[in-house]
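Bear in mind these aren't lab numbers, they're just calculated from the coordinates by the rules spelled out. Bear in mind that the values here come from a model prediction, so they are computed numbers and not experimental data. Positions of Cβ are backbone-derived with ideal geometry, glycine not excepted, and every protein chain shown enters the neighbour counts.
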Amino acid sequence: MKRIKGRDLRLNPQSLQEIRGVPPSVPIVDIHAKLLLFSILLLHKREGFPLLVKRIPPADFLAGLAISFPVLSIGKPRFGIISKILGKGESWLERLAKNSDQIAFFVGRGEDYSPSGISDELRFLEESGHEVGLLASTRASIDHSVIAEEYEELANVLKRGDIGVRFRGISSTLMDAWKSAAYINASYVLTADLTSGIGFGLGISLPFKPNDLVWNIPVIARLYGREKVPNVVDFIKNKGGMVAVDVYDEYAALSLNNRAQKAGLWVTTPDRMIKRFRAVSGVRGVFRYDRKYLEGKIVSAEDVKDLSLRVINPSGRDIYLKIDLVKDKSYEINVPV
């Protein structure tokens with residue numbers, strides 16, 4: 001049997017395909033969820049009842065994308081001679097922050113820097129609307145004292161807690177890494193990327209919380225240049241979901257950001273993605289159907305803007321609703337079906 005992990009500690013696509021029976025490009029957990037939804041739809045259609053479905057991304061968006069930039073080194077600007085033209089004293093981190101929207105920069109004890117040594121740049125990133133998370137060492141995925149030390153250094157620089165984590169590698173198992181992230185109360189962790197190609201390492205395209213430990217966002221690809229950006233964007237557009245993509249190049253980050261927005265993807269940070277997922281998941285409602293109208297009320301435990309609801313009509317065209325919810329305030333729905 002082939003190794004589950006490659007030499008770089010990422011998941012081996014061929015081994016995953018042998019175990020699952022389907023390629024890693026297929027989100028197998030999502031397929032099971034769709035089969036369950038299909039069974040419910042058959043029951044509703046047989047009884048002539050409509051079905052109301054919540055969509056996680058904001059209305060008018062097809063899927064969600066978090067752009068993750070693990071900062072391994074800050075000594076080499078990626079634009080070369082262009083950096084001299086754009087500004088001699090400006091770091092590539094600051095330049096990228098000015099020319100892109102909502103990227104998550106993961107920093108830790110890099111090859112030529114530490115978070116405390118670039119504190120001004122990190123605060124500038126957050127003031128510019130980006131997010132800064134912890135690029136934890138491979139050792140930190142199994143050693144709670146190590147991850148606590150690395151986390152504390154970054155928290156002192158940012159002057160806040162509730163920080164997300166991206167491991168440079170997984171020393172043991174994903175469960176050990178999740179426990180390590182949960183030990184420091186990380187707001188989320190990005191995990192389960194493949195050794196090559198595009199796909200779902202754990203077979204799921206949405207945030208999830210294993211054993212109630214820590215929220216995860218699946219990483220589906222790594223980009224070291226612009227060549228594969230169109231493929232990654234098309235993949236997310238076709239598959240849907242809310243995922244993350246690692247980038248290691250300024251051009252790749254800018255290209256991915258721009259192309260994803262043009263393709264109708266919701267480009268956001270991991271923290272905002274998790275908050276959106278939790279908020280929409282908490283929307284509840286009670287309904288009645290009199291064979292002419294679907295009536296009811298929905299309420300949310302927190303504010304939710306641009307909520308998209310799909311009313312699946314068993315005998316006609318689907319109806320889409322776009323609403324804004326205020327915390328603990330009910331919203332009435334009355335839809336002819």
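So which residues in segment 45-56 are surrounded by 15 or more Cβ atoms within 10 Å (Cβ to Cβ), of a type outside the set (A, V, I, L, M) and not in a strand (DSSP E or B)?
45, 49, 50 - these are the residues of segment 45-56 that are surrounded by 15 or more Cβ atoms within 10 Å (Cβ to Cβ), of a type outside the set (A, V, I, L, M) and not in a strand (DSSP E or B).
Tell me, which strands (runs of 3 or more DSSP E) wholly within segment 185-258 include 1 or more residues that are free of Cβ contacts under 8 Å to residues at least 60 places away in the same chain and over 24 Å from residue 275 (Cα atoms)?
Here the list reads 216-223.
I'd like to know if segment 98-121 contains one or more residues that are closer than 17 Å to residue 162 by Cα, crowded, with 21+ Cβ neighbours inside 10 Å and touching a Gly at 6+ places or on another chain (Cβ under 6 Å).
yes
Each row is one residue, and each column tells you yes or no for (1) closer than 25 Å to residue 208 by Cα; (2) surrounded by 15 or more Cβ atoms within 10 Å (Cβ to Cβ); (3) in contact (Cβ under 8 Å) with a residue 40 or more places away in the chain.
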residue	(1), (2), (3)
277	yes, yes, yes
280	yes, yes, yes
294	no, yes, yes
298	yes, yes, no
304	yes, yes, no
313	no, yes, yes
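For the list (1) closer than 19 Å to residue 53 by Cα; (2) in a helix (DSSP H, G or I); (3) without any contact (Cβ under 8 Å) to a residue 40 or more places away in the chain; (4) not polar (S, T, N, Q), I need the number of the one condition that residue 286 fails.
(2)
If you check residue 262 against the conditions, is it basic (Lys, Arg), under 17 Å from residue 63 (Cβ atoms) and either surrounded by fewer than 14 Cβ atoms within 10 Å (Cβ to Cβ) or touching a helix residue (DSSP H, G or I) at 6+ places or on another chain (Cβ under 9 Å) (or both)?
So residue 262 passes the test.
Being within 18 Å of residue 281 (Cβ to Cβ) and either touching a helix residue (DSSP H, G or I) at 6+ places or on another chain (Cβ under 9 Å) or of a type outside the set (Phe, Trp, Tyr) (or both) narrows it down to one of 228, 209, so name that one.
Matching residue, one of 228, 209: 209.
Residue by residue, here is whether (1) in contact with a His (Cβ under 8 Å, 6 or more places away or on another chain); (2) among the hydroxyl-bearing types (Ser, Thr, Tyr); (3) surrounded by fewer than 19 Cβ atoms within 10 Å (Cβ to Cβ); (4) closer than 22 Å to residue 93 by Cβ holds:
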residue: 210; (1), (2), (3), (4): no, no, yes, no
residue: 220; (1), (2), (3), (4): no, no, no, no
residue: 226; (1), (2), (3), (4): no, no, yes, yes
residue: 234; (1), (2), (3), (4): no, no, yes, no
residue: 242; (1), (2), (3), (4): no, no, no, no
residue: 245; (1), (2), (3), (4): no, no, no, yes
residue: 249; (1), (2), (3), (4): no, no, yes, yes
